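Q: Structure provided below as C-alpha cells; questions to follow.
Since every read-out is calculated from the coordinates, none of them should be taken as a lab result. From a predicted model like this one, the values you see are computed outputs, not experimental measurements. All Cβ positions, glycine included, derive from the backbone under ideal geometry; neighbour counts span all protein chains shown.
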Amino acid sequence: MYETILNLHSYLAYAVLAILFLAVANAIIGLVGKKMFTMEKDLRISLFALILSHIQLLVGLILFFVSSNGYKAISTLGMGGLNAPARLLAVEHPFINIIAIVLITIGWSKHKKVMEAAKKFKLIAIFYGLGLLCILSRIPWGQWF
C-alpha cells in the first residue's frame, strides 16, 4: 500500500506542476495580452489546477501518516532528532505544501468575486504563482529524480 501511495504522489506531482505552470502562464499571458477571461479555457485551466493540487494534498496527507518518513519519524525521533533530509520530508515539505494549497485556494476564491478580466488574471497569476513557488521550494529533489 505504501509503495502505491508513494508512486501516486510522485507521478501526480508532475501533473500538478505542469497544470500549475500552465495556469500561471495562462494568467500572465491573459493579463499582458489584455484578453477576456473565458469560461471554456481560462476558468477550466484554473479549476483543473485547483482540483489536482487538492487531490495531491490528500494523497500527500495519507502518505504522511503511512510513511516512516512522516508522522512516524516525528513521533519516534522527536522534532530535535530529525536530521535535515528527514526534517524536509516530515515537516517542511508537508507544511509548505499546505500553505501552497491555501494560497491557490485563496486565489481561486478571490478571482470568483471579481468581474474584470484583468483582475481575475492578476489574482490567479499572483496566488497560483506563489503556490507554485512554495511547492518548488520544498520538493525533495534528491529523491525525486
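Q: Taking 35 Å as R0, compute the FRET efficiency from the Cβ-Cβ separation of GLU92 and VAL32 and round it to 0.05.
A: After rounding to 0.05, the efficiency reads 0.55.
Q: Please list, in order along the range 116-129, the HN-Hα scalar couplings obtained from phi with the Karplus expression 6.51 cos²θ - 1.76 cosθ + 1.60 (θ = phi - 60°), rounded to whole Hz, x for Gly and Pro.
A: Residue by residue, the range 116-129 yields 7, 4, 4, 5, 4, 4, 5, 5, 5, 4, 5, 6, 5, x Hz.
Q: Lysines within cross-link reach of LYS120: Cα-Cα under 22 Å, excluding same-chain residues under 8 positions apart?
A: Excluding near neighbours in sequence, the set is LYS34, LYS35, LYS41, LYS110, LYS112.
Q: Here's another thing I want to ask about it. What relative contact order, as a whole-number percentage, does the range 2-144 give when Cα pairs under 8 Å and 6 or more residues apart are counted?
A: Reported relative contact order: 33 percent.
Q: Once the Cβ-Cβ distance between VAL66 and ALA18 is put in as r, and R0 is 25 Å, what FRET efficiency do you end up with, to the nearest 0.05?
A: 0.45
Q: What Kirkwood radius, in Å to one decimal, follows from the Cα pairs of the range 1-96?
A: Here the Kirkwood hydrodynamic radius works out to 15.2 Å.
Q: Taking a point 7 angstrom from the Cα of MET1 along the C-beta vector, which residues in the range 50-76 have backbone N less than 16 Å away?
A: Hits in the range 50-76 for MET1 at 16 Å: 59-72.
Q: Compute the length gained on full extension between SER75 and SER10: take 0.36 nm times their separation in residues and subtract their Cα-Cα distance, giving the result in nm to one decimal.
A: 21.0 nm
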